[in-house]
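The values are calculated or read from the model by the stated rules, or taken from the named source; none is laboratory data. Model, not experiment: these values are computed from the prediction. When we count neighbours, we look across all protein chains shown, and the Cβ atoms used for this are built from the backbone with ideal geometry, even at glycine. These area figures cover heavy atoms from the full protein model, side chains too; ligands, DNA and RNA do not enter into them. Shrake-Rupley method; radii C 1.70, N 1.55, O 1.52, S 1.80 Å.
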Amino acid sequence: MAIFSKEEAQRLLKKVLSYSKAEECEVALNGSDGGNIRYARNSVSTAGEISQQTLVVSSTFGKKTGVASIDEFDDASLEKVVRRAEELAQLAPENPEHMPLLGPQDFPEPITYVPATAAVTPDTRAEAVAKSIQVTKEAKLQAAGYLENTTSFSSIMNSKGLFAYNKNTDVVFSVTTRNEEGTGSGYAARGYNDISKLDTYAATKIAASKANGSIGAKAIEPGKYTVILEPVAVAYLLESLFFGLDARNADEGRSFMSKAGGGNRLGEQLMDTKVNIYSDPFNPELPSSTWSREGQLLQKRNWIEKGVVKNLSYSRFWADKKKVDPVPPPSNIIMEGGSASLEELIKSTEKGILVSRLWYIRMVDPQTLLLTGLTRDGTFYIENGEVKFPIKNFRFNESPVIMLNNVEALGKQERSISVESYRSYLVPAIKARDFTFTSLSDAV
């Protein structure tokens with residue numbers, strides 16, 4: 001077992017620190033146990049389990065820091081990795097942005113660990129995949145999917161007396177469904193801390209419906225359309241915005257949060273008043289750690305409130321330089337939604353396009369956050385409140401900042417995964433006007 005209890009981690013970290021001769025020393029201990037199962041063409045292709053542990057020592061003399069890691073925990077190995085970090089520190093150049101270690105902090109217990117998820121077995125994974133394959137066989141489709149569960153822990157301790165520990169469980173599932181001819185495609189992805197919330201049968205039903213519904217797609221002219229972005233498409237599109245709420249990048253003129261002439265856009269109204277984005281380690285649908293990698297307390301924080309930028313993250317170095325309080329980056333991202341179902345959003349649309357998923361998203365202009373990418377796995381034309389027919393996929397050129405200025409309605413929240421980063425977000429479906437599609441794509 002690679003999972004240390006809080007007490008076991010604390011004992012080992014204390015032992016490692018006892019070997020240190022550095023002016024400052026920080027030790028991180030992490031481990032994970034997990035398993036996975038992969039399937040394609042309605043048959044399991046691979047399965048496996050992974051167990052790993054890593055200990056990382058950072059030793060500092062003045063502003064010179066050396067880092068060494070190891071995965072052996074006998075006394076001789078522990079002392080050896082400490083000496084190695086100290087040797088590297090003496091050889092390292094000074095870090096002009098070095099900040100002293102934090103002292104003791106009081107971190108509340110997180111809610112990220114679910115025993116049922118930690119107890120998942122190969123049989124559990126096989127049964128979940130069997131339910132998914134049952135759907136595609138009944139629908140005369142082929143499925144390719146992946147399911148992985150992980151139990152992990154992370155802990156840090158330093159020579160100033162700080163100690164932090166977190167234990168987490170996670171399960172992720174994704175499936176792509178296609179017909180034999182390859183002319184229709186559907187997709188679904190789910191991620192939870194609690195395995196009991198995962199319904200692979202229901203998720204695959206949605207993917208199968210998209211696949212069969214997207215056969216015979218028609219070409220329509222590119223242009224500006226009202227769109228309904230399903231939650232998984234929203235997660236993909238907004239991910240770069242979520243990671244862009246950083247004060248230093250803005251102050252140095254490298255992001256969409258940069259103000260003309262210098263500084264950042266903190267406090268400005270950048271989006272529609274319906275837009276509220278925050279982080280909260282204790283959100284029951286998307287819990288997270290209660291401390292950052294630097295050992296800072298994480299708590300509920302509003303980033304965008306009624307379209308106004310309320311916070312940017314400040315590293316300890318940048319906060320010290322700007323004479324403000326440090327703000328750690330978000331541990332999770334939640335966007336408030338509305339009460340409308342996807343069906344109700346469609347019913348309220350006179351003419352528009354339903355987008356199931358976006359992919360291959362690339363940055364065009366960091367200053368405006370202009371992105372380009374493609375729709376996939378089911379794109380449909382809406383007229384008079386009804387889905388009329390499937391359409392060929394589009395390339396889009398759009399900025400999520402502009403899209404969030406054009407919001408007309410928000411659907412219900414849903415936990416969605418971006419498989420580009422394998423991070424989960426809690427986001428709603430979004431109906432927005434004037435979304436820019438620039439060309440057609442023949443891919444399904």
Seminar exercise, completed: Being part of a strand (DSSP E or B) and either at pLDDT below 95 or of a type outside the set (D, E, K, R) (or both) narrows Val129, Val120, Val172, Val135 down to just Val172
For this session: Answer yes or no as to whether Met363 is open to solvent by 50 Å² or more (accessible area, probe 1.4 Å) and under 20 Å from the mean Cα position of the chain (by Cα).
Result: yes
Exercise. Quick one: what pairs do we get from the range 35-64, first residue among the acidic types (Asp, Glu), second open to solvent by 50 Å² or more (accessible area, probe 1.4 Å) and not in a strand (DSSP E or B), C-beta under 9 Å, 6+ apart or different chains?
Worked result: Glu49/Pro122
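Of everything in the range 1-16, what is hydrophobic (A, V, I, L, M, F, W, C) and more than 14 Å from Ala68 (Cβ to Cβ)? Give them in sequence order.
If the condition is that a residue be hydrophobic (A, V, I, L, M, F, W, C) and more than 14 Å from Ala68 (Cβ to Cβ), then Met1, Ala2, Ile3, Phe4, Ala9, Leu12, Leu13 are the ones that fit.
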Exercise. Could you list, in sequence order, the residues of the range 167-206 that are touching an Asp or Glu at 6+ places or on another chain (Cβ under 8 Å) and either surrounded by fewer than 19 Cβ atoms within 10 Å (Cβ to Cβ) or among the aliphatic types (A, V, I, L, M) (or both)?
Worked result: Val171, Val172
Seminar exercise, completed: Taking the range 108-117 and the residues there that are open to solvent by 60 Å² or more (accessible area, probe 1.4 Å) and assigned to a loop (DSSP other than H, G, I, E, B), the one that is nearest to Gly145 (Cα to Cα) would be Tyr113
Exercise. Mind checking which pairs have a first residue in the range 70-90 that is within 18 Å of Ala2 (Cα to Cα) and in a helix (DSSP H, G or I) and a second that is of a type in the set (A, V, I, L, M) and modelled with pLDDT of 95 or more, Cβ under 6 Å, 6 or more apart or different chains?
Worked result: Ser77/Ile70; Leu78/Val16
Exercise. What are the residues in the range 371-388 that are open to solvent by 50 Å² or more (accessible area, probe 1.4 Å) and assigned to a strand (DSSP E or B), if any?
Worked result: Glu383, Glu386, Val387, Lys388
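Tell me, yes or no, whether the range 228-245 has at least one residue that is more than 17 Å from the chain's Cα centre (by Cα) and under 17 Å from Arg376 (Cβ atoms). Walk me through how you get there before you give the answer.
Just the residues of the range 228-245 that are more than 17 Å from the chain's Cα centre (by Cα), to begin with: 228-229.
Okay, now just the ones that are also under 17 Å from Arg376 (Cβ atoms), so 228-229.
Yes, the range 228-245 contains a residue that is more than 17 Å from the chain's Cα centre (by Cα) and under 17 Å from Arg376 (Cβ atoms).
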Exercise. Quick one: how many residues across the range 303-357 are of a type outside the set (Gly, Ala, Ser) and either assigned to a strand (DSSP E or B) or under 24 Å from the mean Cα position of the chain (by Cα) (or both)?
Worked result: 27
Exercise. Within the group Glu7, Glu26, Glu49, which residue is out of contact with any helix residue (DSSP H, G or I) (no Cβ under 8 Å at 6 or more places or on another chain), of a type in the set (Asp, Glu) and open to solvent by 70 Å² or more (accessible area, probe 1.4 Å)?
Worked result: Glu7
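Can you tell me which residue among Gln142, Gln134 is open to solvent by less than 50 Å² (accessible area, probe 1.4 Å) and either within 19 Å of Ala208 (Cα to Cα) or of a type in the set (Asp, Glu) (or both)? Steps first, answer last, please.
On the way: Gln134 fails: open to solvent by less than 50 Å² (accessible area, probe 1.4 Å).
Result: Gln142 is the single residue among Gln142, Gln134 that is open to solvent by less than 50 Å² (accessible area, probe 1.4 Å) and either within 19 Å of Ala208 (Cα to Cα) or of a type in the set (Asp, Glu) (or both).
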Problem set entry | Scan of the range 397-444 for residues that are assigned to a strand (DSSP E or B), among the acidic types (Asp, Glu) and within 24 Å of the chain's Cα centre (by Cα), ordered by number | Glu398, Glu414
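Do we find that Gln105 is in a strand (DSSP E or B) and at pLDDT 95 or above in this structure?
Criteria not met by Gln105.
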